[in-house]
Amino acid sequence: MRVTATELLEAIGHLNVRLAAKVARQVPAGGLTTARYRTLRFIQARAPATAGQVRSFFGLSPRTVTEAVDSLERDGLIRRERDERDRRVTNLIVLPAGAKALEAAQPLLNDTAEAAFAELDEGEREQLLKLLNRVLENVG
C-alpha cells in the first residue's frame with residue numbers, strides 16, 4: 001500500500017488536534033490552553049519575540065495575534081516593550097507570572113506526551129523525531 005504525502009499530513013494534523021483536545025480537557029480552571037501555552041512558549045524561547053514573528057511562525061492573521069497578545073498581556077503573562085534599537089518594533093517579554101504558568105503546565109504536557117508515545121520504544125522515538133525534523137527542514 002502506497003501512503004501519500006496527503007495521508008501523512010492528515011495523520012499529523014489529526015494527532016495534533018487530538019492531543020490538543022486531550023490537554024484542553026485536563027487543563028485546570030485558570031490554566032493555559034494549548035494555544036496560549038504554545039504562544040507563550042514561543043515568546044519565551046525567542047526572548048524577546050515580536051507579534052510579527054508569532055504571526056509568521058504559527059501562520060495566524062494579524063488580528064488573531066493581536067487578540068492573543070492582548071489576552072496574555074491582560075492576564076499579566078507578558079508585556080509589550082519598545083525595542084531600544086528600533087522604536088518601530090514592539091518586543092513581547094514573558095513576565096515571571098508567564099514563566100510560572102509555563103512551568104505549571106509542563107507536567108500535564110509531559111504526561112499527555114508520554115501516554116501518546118508509550119507504545120514506541122526508544123529507537124522508534126528517535127527515528128520518528130529524526131523523520132519529523134527532516135520534514136520540518138523541507139517545510140522551511
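The values are calculated or read from the model by the stated rules, or taken from the named source; none is laboratory data. A quick note: this is a predicted structure, and the numbers were derived from the prediction, not measured. When we count neighbours, we look across all protein chains shown, and the Cβ atoms used for this are built from the backbone with ideal geometry, even at glycine.
Taken together, the criteria exclude Asp121 from residues that are among the acidic types (Asp, Glu), out of contact with any Ser or Thr (no Cβ under 7 Å at 6 or more places or on another chain) and modelled with pLDDT under 95. Inside segment 1-18, residues that are in a helix (DSSP H, G or I) and farther than 21 Å from Val54 by Cβ make up a count of 11.
Restricting Arg63, Arg88 to residues that are part of a loop (DSSP other than H, G, I, E, B) and farther than 24 Å from Val23 by Cβ narrows the list to Arg88. Scanning segment 90-112 for residues that are in contact (Cβ under 8 Å) with a residue 60 or more places away in the chain and of a type in the set (A, V, I, L, M) yields Ala101, Leu102, Ala104, Ala105, Leu108, Leu109. Of all residues in segment 19-35, those satisfying the criterion of being part of a helix (DSSP H, G or I) and under 13 Å from the mean Cα position of the chain (by Cα) are Leu19, Ala20, Val23, Thr34, Ala35.
The combined condition, being surrounded by 13 or more Cβ atoms within 10 Å (Cβ to Cβ), assigned to a helix (DSSP H, G or I), among the basic types (Lys, Arg) and modelled with pLDDT under 95, is fulfilled by Arg38. In segment 73-82 there is at least one residue that is without any contact (Cβ under 8 Å) to a residue 60 or more places away in the chain and part of a helix (DSSP H, G or I).
Kindly indicate the residue of segment 84-103 that is within 15 Å of the chain's Cα centre (by Cα) and over 15 Å from Asp70 (Cα atoms) and also surrounded by the most Cβ atoms within 10 Å (Cβ to Cβ) among those meeting that condition. Restricting to residues being within 15 Å of the chain's Cα centre (by Cα) and over 15 Å from Asp70 (Cα atoms), the top hit is Ala101.
Quick grid of which residues meet (1) closer than 24 Å to Thr50 by Cα; (2) in contact with a Gly (Cβ under 6 Å, 6 or more places away or on another chain):
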residue: Ala97; (1), (2): yes, yes
residue: Ala105; (1), (2): yes, no
residue: Leu108; (1), (2): no, no
residue: Ala113; (1), (2): no, no
residue: Leu120; (1), (2): no, no
residue: Arg125; (1), (2): no, no
residue: Leu128; (1), (2): no, no
residue: Leu136; (1), (2): yes, no
